Amino acid sequence: MLIIGERINGMFNDIKRAIQERDPAPVQEWARRQEQAGARALDINVGPAVEDKVGAMKWLVEVVQEVSDLTLCLDTTNIKAIEEGLKLCKKPAIINSTSADREKIEKLFPLAVEYGASLIGLTMNKNGIPKDADTRLALAMELVAAADEFGLPMEDLYIDPLILPANVAQDHAPEVLKTLYQVKLLANPAPKTVLGISNVSQNCQDRSLLNRTFLAMAMACGLDAAIVDACDEELMATAAAAEVLRNRTVYCDSFVKVFKSQ
Amino acid sequence: MPLQLLKEKNRAAVQKVTLGATKEEGGTRTHTITIGGDAALPFHHFEGEIPHRPVVAMEVQDIEPDWPDALKKCFVDVMKEPGRWAEKCVKEYGADLIYLKLDGADPEGANRSVEDCVAAVKEVLQAVGVPLIVVGCGDAEKDKEVLEAVAEAAAGENLLLGNAEQDNYKSLTAACLVHKHNIIARSPLDINICKQLNILITEMNMPPNRIVIDPSIGSLGYGIEYAYSIMERTRLGALQGDKMLSMPVLCTVGYEAWRTKEAVAPVSDFPGWGDTEERGILWEAVTATALLQAGAHLLLMRHPKAVALVKENIEKLMVSNAY
């Protein structure tokens, strides 16, 4: 189970300010804290407010790599920013993300192949996020076909079936779970799956409870990676337990500790 | 469209553990031996590198053991002298390493002193140049004293010392850390305890590349399939990146094989079973070769003819089948 820490994101005020002032301290502090908490990759998102997205991405990649060797997950819709970020990454990164729109596919799949990066493919297109599992799967299939077409190894493709907040679109969660399970049947070897977990609880009460419960449910459906609040200890313990219970790792008495340290 | 052969891609490999130390490294061994490093399932050369062949250590004891005749006759002239016994194993029988079992320390048995045990270790170190494995008698109290003394007396030799167990690992781990030896982590045919013990030992700051797993085995006909599946699961874990299952594995083949009825029963009791000695040799050899397929890196064996058969098998298995 790949835990991707969500915290280095310009949506958060401390990171937004750090980017504006080019102050590495808060960014590096979150890199360290998330790594210590058990994240094995770090999402890097410049946020919506920054104008120079390319410059901000390059700066973030550099300052994070000064303190962490973790895989970086470059999270922006700006393709130029992704490419400039990829050039600076010391190890293969994860591109977050492409939609299932043809013009995006044609740019981002070759980019992933060129830089040996993994690629997150969202099951959405210009029509938005589908309501049901079948439409999500149809879009996932287009992404799987694109991996074949452009020569991206299937295990480097992460399908994100996109979860919406429980207080807005409650009916989506079961469809997402169904999609997660069925994505694995689209190809052999199968693509991987990923979710931005915290989205399920946007503007809800008891966010941590919703997040970790949904994470466990998604893991039961085969989820391979999750962008999460890695500093949420209960969520990380839940992930550790789910990893044992779905038989992906051998049980031992220190299973929580081991999950966070490996 | 050409046929594309799918190969397993493994994320990680088994740890490499190096045993022994030469003069330049602070010891007195003529050479070191490295085990592990496998990046694939056993002998799947086509899926990943298998840099080091499995090795065979022959068992020597500090007092003359009560072994079956078929075994004793191979060592009859040397069994009272661990040094000469070890020398014979290396020179005549081609042992890669020596496995010295200090059974004489047992308070219920010969109850030899700590000094005598240390002397036996030194005698073997003097007599042979191969790396050495030293294991206590199994009595926790006595082993603590004996193994601490051995660790100190052989500081620099980079021994493999055992056994650490879940309820009793701290003093041996500490001794191995202080005097720079490797440690055997022994679990009772239980993969969960195997993993937990590795965690406990590494939490004392022992690097994972100085631990060798003894999963406990059963011989052919006596639960070998349990050992097989645990070793297989261990290897799969290692290849998937589970660091706490990624240590090389040793198997106490000689001990387990030679205590079976099939290995020692006289022909007079079972006329249909054939010659006793040949039967014993094959029981040991087949136990060893099966466990090689399960992922054994270090086989602890007894009969020279079984050793020869197994080494021949290892040579064949190490011929690359990569495509």
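Out of A:SER97, A:SER118, A:SER208, any idea which swings most in a Gaussian network model of chain A, alpha carbons joined below 10 Å?
Maximum fluctuation in the GNM of chain A, among the listed residues, is at A:SER208.
At R0 = 22 Å, how high is the FRET efficiency between B:GLU8 and B:ARG53 if r is their beta carbon distance? Nearest 0.05 is fine.
0.55
Have a look at A:PHE150, A:PHE214, A:PHE12 and tell me which one the Gaussian network model of chain A (Cα, springs below 10 Å) gives the largest fluctuation.
Fluctuation is largest for A:PHE12.
Stokes-Einstein at 20 °C, 1.002 mPa s, Kirkwood radius from Cα pairs: D for region A:1-128 in µm² s⁻¹?
Estimated via Stokes-Einstein, D reaches 147 µm²/s.
To the nearest Å, what is the center-to-center distance of region A:203-262 and region B:41-87, using C-alpha atoms only?
Value for the Cα centre distance between the two parts: 46 Å.
What spacing in nm lies between the two simple spin-label points modelled at B:THR32 and B:GLU225, each 7 Å away from Cα in the Cβ direction?
Going by the 7 Å Cα→Cβ label model, 4.1 nm.
Taking the Kirkwood radius as the inverse of the mean 1/r across Cα pairs, report the Rg/Rh of chain B.
Rg/Rh for chain B comes to 0.97.
In percent, what relative contact order does chain A have, based on Cα pairs under 8 Å that are 6 or more apart in sequence?
This gives 17 percent for chain A.
Could you let me know the centre-to-centre spacing of region B:248-287 and region A:96-119, using Cα atoms, in angstrom?
61 Å
How long is the gain from A:ASN199 to A:LYS90 if the chain were fully straight, where each residue apart is worth 0.36 nm and the alpha carbon distance is subtracted?
Net length gain for the segment: 36.3 nm.
Considering the Cα trace of region B:96-139, what is its radius of gyration and what is Dmax, both in angstroms?
Considering region B:96-139 through its Cα atoms, Rg and Dmax are 10.8, 32 Å.
Write down the percent of antiparallel bridges among all DSSP beta bridges whose residues are both part of chain A, to the nearest 5.
5 percent
Can you give me the distance in nm between label points at A:THR77 and A:ASN127, each placed 7 Å from the Cα along the Cα-to-Cβ direction?
Between A:THR77 and A:ASN127, the simple spin-label model gives 1.9 nm.
When Cβ neighbours within 10 Å are restricted to other protein chains, what is their mean count per residue of peptide A:239-252?
Taking all residues of A:239-252 together, the mean is 3.
Relative contact order for chain B: what is it in percent, counting Cα pairs under 8 Å that are at least 6 residues apart?
Answer for chain B is 20 percent.
Run the simple label-point estimate for B:ASN192 and B:SER268 please: 7 Å along Cα→C-beta, distance reported in nm.
Output for this residue pair reads 4.9 nm.
Given +1 on the Cβ of Lys and Arg, -1 on the Cβ of Asp and Glu, and no further charges, what dipole in debye does region B:24-317 carry about its Cα centre, rounded to the nearest 20?
Taking the Cα centre of region B:24-317 as origin, the dipole is about 540 debye.
Give the residue from B:SER171, B:ASN205, B:PRO188 lying farthest towards the positive end of the charge dipole for region B:150-243; charges sit on Cβ (+1 for Lys and Arg, -1 for Asp and Glu) and the dipole is referred to the Cα centre.
Toward the positive end, the furthest listed residue is B:ASN205.
Among A:LEU60, A:SER254, A:CYS89, which residue has its Cα positioned farthest towards the positive end of the charge dipole of chain A, with +1 placed on the Cβ of Lys and Arg, -1 on the Cβ of Asp and Glu, and the dipole taken about the Cα centre?
Result: A:SER254, furthest along the dipole toward the positive end.
To the nearest µm²/s, what D does Stokes-Einstein give for chain A at 37 °C and 0.692 mPa s, using the Kirkwood radius over alpha carbon pairs as Rh?
Taking Rh from Cα pairs, D becomes 178 µm²/s.
Using the C-alpha atoms of the protein assembly as shown, what convex hull volume per residue, in cubic angstrom, is computed?
181 Å³
Looking at chain A as a GNM with Cα springs under 10 Å, which of A:ALA147, A:ALA173, A:ALA187 has the largest mean-square fluctuation?
Sorting by GNM fluctuation, first place goes to A:ALA187.
Could you work out how far the C-alpha centroid of region B:140-205 sits from that of region A:125-153, in angstrom?
Each part's Cα centre sits 53 Å from the other's.
Mark the label point 7 Å from the Cα of B:SER320 along Cα→Cβ and return the residues of region B:10-50 whose backbone N is within less than 18 Å of it.
B:10, B:37-50
Binning every alpha carbon pair distance of region A:159-243 at 5 Å from zero, what are the percents per bin?
Binned Cα distances yield the sequence 3, 16, 28, 25, 17, 8, 3, 1.
Just the number, please: percent antiparallel of the DSSP beta bridges in region B:24-317, rounded to the nearest 5.
Antiparallel bridges: around 5 percent, rounded to the nearest 5.
Which Cα, out of A:PRO174, A:LEU152, A:VAL46, lies furthest along the positive dipole direction of region A:36-175 (beta carbon charges, K/R +1, D/E -1)?
So the residue we want is A:VAL46.
Hey, can you list the DSSP H helices of chain B whose Cα span along the axis is 15 Å or longer and whose average Kyte-Doolittle score is at least 0.5?
Both cut-offs are met by B:114-127, B:191-203.
With +1 assigned to the C-beta of every Lys and Arg and -1 to the C-beta of every Asp and Glu, and no other charges, what is the dipole magnitude of region A:2-261 about the Cα centre in debye, to the nearest 20?
Using only the charged Cβ atoms, the result is roughly 180 debye.
Since every read-out is calculated from the coordinates, none of them should be taken as a lab result. Every value quoted in this text rests on a predicted model; they were computed, and no experiment measured them. Reconstructed Cβ throughout: ideal geometry from the backbone, glycine too, with neighbour counts over all protein chains shown.
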